[in-house]
Amino acid sequence: MMTTDRQILDKGLGAVEASSPAALSGSMNLEEKTGWREVKESPEVHTRLLSECCTGLMKNDRGLLPLSVHSKVHVLSMEPEGYVPPDHEELAPEGLPSLGRALRELGADETEWLIPFGRAAELKAELVRANMYADHIVLSTCNACLEADQVELIEAFQAAGKDPIVVTMGNLNDPLAVPDVGAFVSVHDSRPLAVQSAARVLLGQCLTGGFSESEPFQADTGGDLR
């Protein structure tokens with residue numbers, strides 16, 4: 001059965017009703033709790049909320065999220081292999097959709113590194129040294145379940161005493177490749193709107209969430225993840 005936009009939004013916005021302190025206190029009316037009036041009146045808000053409902057906080061075992069805008073966040077983003085943007089007009093002037101830039105636009109103190117595809121393991125010692133003094137490490141993966149070098153980089157940070165937060169861009173099997181990280185955010189693709197939704201989840205500024213750590217993660221495990 002096909003899921004409608006309204007059903008997706010109702011699920012995500014229902015979480016807002018249940019978790020909002022103001023909602024629990026009864027001080028918000030229904031439209032304030034759900035934002036549905038704004039959604040009906042603004043296609044842009046409707047699109048944003050759909051994107052946020054499809055962005056999942058899959059794991060937050062050690063309370064790494066949300067990030068504080070006052071903490072020093074270093075973002076390491078994997079460059080996709082043979083990247084060709086599907087919608088050129090959507091791209092910001094700087095080029096690729098950037099998780100670091102999206103965090104910065106929301107007020108975060110961030111530094112971003114773009115890692116060439118297939119070179120994460122080769123560069124891991126240098127990257128760990130350069131990022132040891134960050135308050136938080138955010139690693140944006142691209143098919144880490146198929147690319148062992150990305151897993152090696154995550155494990156190198158863990159061996160150095162860091163607890164990286166992983167944002168998976170498009171491949172829901174990526175969390176299975178590195179199950180011991182403290183926090184996972186899953187994003188449906190790497191277009192600008194999806195990247196912005198991921199940044200909002202990381203900072204706790206996302207109005208909705210289509211998934212949560214309370215819902216067990218399931219993925220296709222029929223193939224070799226490494």
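The values are calculated or read from the model by the stated rules, or taken from the named source; none is laboratory data. Just so it is clear, the structure is predicted and the values come from calculations on it, not from any experiment. Here the Cβ positions follow ideal geometry from the backbone for every residue, glycine too, while neighbour counts run over all protein chains shown.
Say we look at the stretch 154-169 and pick out the residues that are in contact with a strand residue (DSSP E or B) (Cβ under 7 Å, 6 or more places away or on another chain) and part of a loop (DSSP other than H, G, I, E, B); which of these is surrounded by the fewest Cβ atoms within 10 Å (Cβ to Cβ)?
LYS162
Do we find a residue being crowded, with 16+ Cβ neighbours inside 10 Å and either under 18 Å from VAL187 (Cα atoms) or modelled with pLDDT of 50 or more (or both) anywhere in the stretch 19-34?
no
Given the criteria surrounded by fewer than 14 Cβ atoms within 10 Å (Cβ to Cβ) and at pLDDT 55 or above, does GLU112 qualify?
Judged against the criteria, GLU112 is not a match.
Does ALA198 fit the bill of being modelled with pLDDT of 90 or more, over 17 Å from the mean Cα position of the chain (by Cα) and within 18 Å of ALA108 (Cα to Cα)?
Spelling it out, it is not the case that ALA198 is modelled with pLDDT of 90 or more, over 17 Å from the mean Cα position of the chain (by Cα) and within 18 Å of ALA108 (Cα to Cα).
Between a first residue in the stretch 108-133 that is closer than 15 Å to GLY161 by Cβ and a second residue that is charged (D, E, K, R) and in a strand (DSSP E or B), which pairs have beta carbons less than 9 Å apart while being 6 or more apart in sequence or on different chains?
Matching pairs, first to second residue: TYR133/LYS72.
Looking only at the stretch 170-204, which residues are hydroxyl-bearing (Ser, Thr, Tyr) and either touching a His at 6+ places or on another chain (Cβ under 6 Å) or part of a loop (DSSP other than H, G, I, E, B) (or both)?
SER190 - this is the single residue of the stretch 170-204 that is hydroxyl-bearing (Ser, Thr, Tyr) and either touching a His at 6+ places or on another chain (Cβ under 6 Å) or part of a loop (DSSP other than H, G, I, E, B) (or both).
Against the conditions (1) over 13 Å from the mean Cα position of the chain (by Cα); (2) surrounded by fewer than 20 Cβ atoms within 10 Å (Cβ to Cβ); (3) modelled with pLDDT under 95, where does LYS72 fall short? Just the number, please.
(3)
Can we say ALA219 is of a type in the set (A, V, I, L, M), farther than 15 Å from LEU50 by Cβ and at pLDDT below 85?
Answer is yes for this residue.
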